[in-house]
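The values are calculated or read from the model by the stated rules, or taken from the named source; none is laboratory data. Everything numeric here is computed off the predicted structure, so don't read it as measured data. Glycine also receives a Cβ, built like all others from the backbone with ideal geometry; neighbour counts cover every protein chain displayed.
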Amino acid sequence: MQPKLFIWYPYNDGEMGIKPTSLFRRNFDSKKFLFLIKTILINNEIKIIFFLYNKRKSKFKYILQILKLYVWAISNNLNCFNIKFTSNLSKIGKEDIFYGQSRVILQSKIYKLFKNRNFKLALHLSHYEINTREKGLMAEEILVDRFVAETNLYKHSKYFRRYFPYYKKDVYIMPIVAQGRFKSYKDFFKRKNKCIVSGRTIILNNKEYSDFVEFFQFKYQHPMRYWIFENRKSNSKEITNFISNSSILINESKNKNKSVTAKNIKENYYEGFDIVKEFNNHTMFVAPEELNDLPTLTVSEGVACGCVLIATKDYIYQGWGLIPNFHYISYDGSYDDLIKKINYYINNINELNIIAKNGQDYFKKKINSENVTKNFVKFLKEI
């Protein structure tokens, strides 16, 4: 009997697609995992059933959840006839798989639902740097069967092993898939022969990041993004000649206006910044990895636009099948080596163009929605 895939209700998660609330508010929804749902529903390799958590057993609220689910489906161009749902955990069989985001499932009011389950549980570790110790304890209590991330964190991350000591299996590697709007439309030799840096550098002052700050003794999740931002203040020739910096620094503790938060700064930032255009205007880009051993969303997006990725932590990308200095430029993580590599390729643009083509071709053939989803479904069935 074919197992079924149960997914925690997606309409409140911007990584699962456009949220219904985003139709009326200015929200940035990354839609990072929407391709999985779309591809599975189209190919029908495994049946998806959305799980709607009806905590208070209210008939009105359950109907409202169903309406929100269908609004979400329509907003994300999904076939409503393929949308199935339930609020009954007892309907999940022992061969079925429940899949969700760890930041949602591993919460005090939710995780206990899965304590005495008879089905398999797989969680994606997106944003696992938030309240990591607490998440690790909850995961151990309910014995999450498998974790999913962009990196094999069990093998490569001391931070992950510190807070999830019970977990002794490989973390399944799911590469980041670029959305369709990320395309190359500008000739490589007509671009600025410089490196673009984008994104937000947040000073981690909140208690929810205390595990992260204590472990790394650093208040920034992306060190290179912070160092570039700081060096920009000096108006150094390296920044002026080699790097176009579009990143911003956010320090919530210094905001006198309480309405100004990291969230609404994020919305303003992404609304006024055309990342596809910027990638097409440059030959190279830096997508600084997180200290907790995960890549940023822009990795696949920049490469899809024909821009060359400059990256450290080679084990992340080798896990995707990428070859250093063939599909992307590798550097040792220091500011000096970054500038050295940018300078070299500025003066060797023909070599840079070859790497751009190699990277773009590989992502088109291997790291696309069809391949990544097919491999993921195979992994789920083998849990």
Notebook entry, point to check: What single numbered condition from (1) part of a loop (DSSP other than H, G, I, E, B); (2) within 20 Å of Lys374 (Cβ to Cβ) fails to hold for Glu129?
Noted result: (2)
Next item on the list: Please determine, by comparing only the residues of the range 51-83 that are basic (Lys, Arg) and more than 24 Å from Lys115 (Cα to Cα), which one is modelled with the highest pLDDT.
Entry: Lys68
Next item on the list: State which residue is nearest to Pro3 (Cα to Cα) when the search covers only the range 132-166 and only residues that are acidic (Asp, Glu) and not in a helix (DSSP H, G or I).
Entry: Asp145
Notebook entry, point to check: So Leu113 clears everything in (1) modelled with pLDDT under 95; (2) part of a loop (DSSP other than H, G, I, E, B) except one condition, right? Which one?
Noted result: (2)
Notebook entry, point to check: Can you name the residue in the range 233-261 that is surrounded by 17 or more Cβ atoms within 10 Å (Cβ to Cβ) and in a helix (DSSP H, G or I) and is also modelled with the highest pLDDT among such residues?
Noted result: Phe242
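For (1) crowded, with 22+ Cβ neighbours inside 10 Å; (2) basic (Lys, Arg); (3) more than 12 Å from Cys195 (Cα to Cα), each residue gets a yes or a no:
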{"residue": "Val276", "(1), (2), (3)": "no, no, yes"}
{"residue": "Asn281", "(1), (2), (3)": "no, no, no"}
{"residue": "Leu291", "(1), (2), (3)": "no, no, yes"}
{"residue": "Cys307", "(1), (2), (3)": "yes, no, no"}
{"residue": "Tyr315", "(1), (2), (3)": "no, no, yes"}
{"residue": "Gly321", "(1), (2), (3)": "no, no, yes"}
{"residue": "Lys366", "(1), (2), (3)": "no, yes, yes"}
{"residue": "Ser369", "(1), (2), (3)": "no, no, yes"}
{"residue": "Lys374", "(1), (2), (3)": "no, yes, yes"}
Next item on the list: Have a look at Ile49, Ile42, Ile66, Ile74 and point out the one that is in a strand (DSSP E or B), of a type in the set (Val, Ile, Thr) and surrounded by 13 or more Cβ atoms within 10 Å (Cβ to Cβ).
Entry: Ile49
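Can Arg161 be described as among the charged types (D, E, K, R) and touching a residue at least 24 places away in the same chain (Cβ under 8 Å)?
The answer is no for Arg161.
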